[in-house]
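Comments concern the structure below.
What follows is calculated from the coordinates using simple rules that are stated; it is not laboratory data. These numbers come from a predicted model, not from an experiment. Positions of Cβ are generated from backbone atoms using ideal geometry, with glycine treated the same way; all protein chains shown enter the neighbour counts.
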Amino acid sequence: MERLSHIDEGGRARMVDVGEKPMQIRTATARGTILMQAETRTHVAEAANKKGDVLTVSEIAGIQAAKRTAELIPLCHPLISDVISVRARLTDDGVSVTASVRCHGRTGAEMEALTAVSVALLTVYDMCKAVDKRMVITGIELVSKEKHDE
């Protein structure tokens, strides 16, 4: 069994040294869903929310969150992203969010993609909580992670 990369030999948390790793093009995609009542979904579809367009605001929040991931996750390296894409769409039972991040760097972009999805879904929750107290955020997962030479 491999040991955890963020734990040193003494069992203390540490930031991984990526200085010797090669610069590569790295991409990651994550997704997640928020389940809601049919009435809430209709509310979102009709842009009837007092706080604004739920899907657009959640996408912008996801992009903003991806850019600030290293500020939120203590041992995460800061990345300069080439592109961040966040898409929120209505489903039969709520809203699905997919986020993709691409960067040139020494470490992957999966934390940024996962953070983007999480915050986008939390934004939907925040914007709809006044009309639906039973929403459930679920299925946040890394869909793909790739790296290749520049």
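To the nearest 20 debye, what charge dipole does the chain have about its Cα centre, counting +1 at the Cβ of each Lys and Arg and -1 at the Cβ of each Asp and Glu?
Details: 20 positive and 21 negative charges, 59 e Å.
Charge dipole, the chain, about its Cα centre: 280 debye, nearest 20.
Write down the Å³ per residue value for the convex hull defined by the alpha carbon atoms of the chain. Each step should come with its number before you reach the end.
Numbers: hull volume 20.1 nm³, N = 150.
Cα-based convex hull of the chain, divided per residue, equals 134 Å³.
Placing pseudo-labels 7 Å out from each Cα toward the beta carbon at E141 and S85 gives an inter-label distance of 2.1 nm.
For the chain, return all DSSP H helices satisfying: extent of Cα atoms along own axis at least 15 Å; mean Kyte-Doolittle hydropathy at least 0.5.
Values: long enough: 54-67 (20 Å, 0.99); 110-128 (27 Å, 1.14).
For the chain, where a helix must reach 15 Å along its axis and average at least 0.5, the hits are 54-67, 110-128.
Ranking G94, T115, S144 by Cα position along the charge dipole of the stretch 24-149, where only Lys, Arg, Asp and Glu carry charges on their C-beta atoms, puts T115 farthest toward the positive end. As a size descriptor, the averaged projected area of the C-alpha convex hull of the stretch 52-111 was calculated at 4.7 nm². Taking the charge dipole of the chain about its Cα centre, with +1 at Lys and Arg Cβ atoms and -1 at Asp and Glu Cβ atoms, the residue from P22, L4, T33 reaching farthest to the positive side is T33. What does the charge count near R106 come to, summing +1 for each Lys or Arg and -1 for each Asp or Glu among other residues with Cβ under 11 Å from its Cβ? Residues close to R106 contribute a combined charge of +1. Take the Cα of L75, step 7 Å toward its Cβ, do the same at A48, and the gap between the two points is 4.8 nm.
Taking the beta-carbon count within 10 Å as an exposure proxy, list C76, C128, C103 from fewest neighbours to most.
Working: C76 18, C128 24, C103 21.
Fewest-to-most Cβ neighbours within 10 Å comes out as C76, C103, C128.
Charges were assigned to the Cβ only: +1 to each Lys and Arg, -1 to each Asp and Glu. The resulting dipole of the stretch 73-150 about its Cα centre is roughly 220 debye. In the elastic network of the chain, a GNM with C-alpha springs shorter than 10 Å, the most mobile of A130, A116, A99 is A130.
Quote the relative contact order of the chain in percent (integer), defining contacts as alpha-carbon pairs under 8 Å separated by 6+ residues.
Relative contact order for the chain comes out at 39 percent.
In percent, rounded to a whole number, the relative contact order of the stretch 60-109 is 32, using alpha-carbon pairs under 8 Å and six or more apart.
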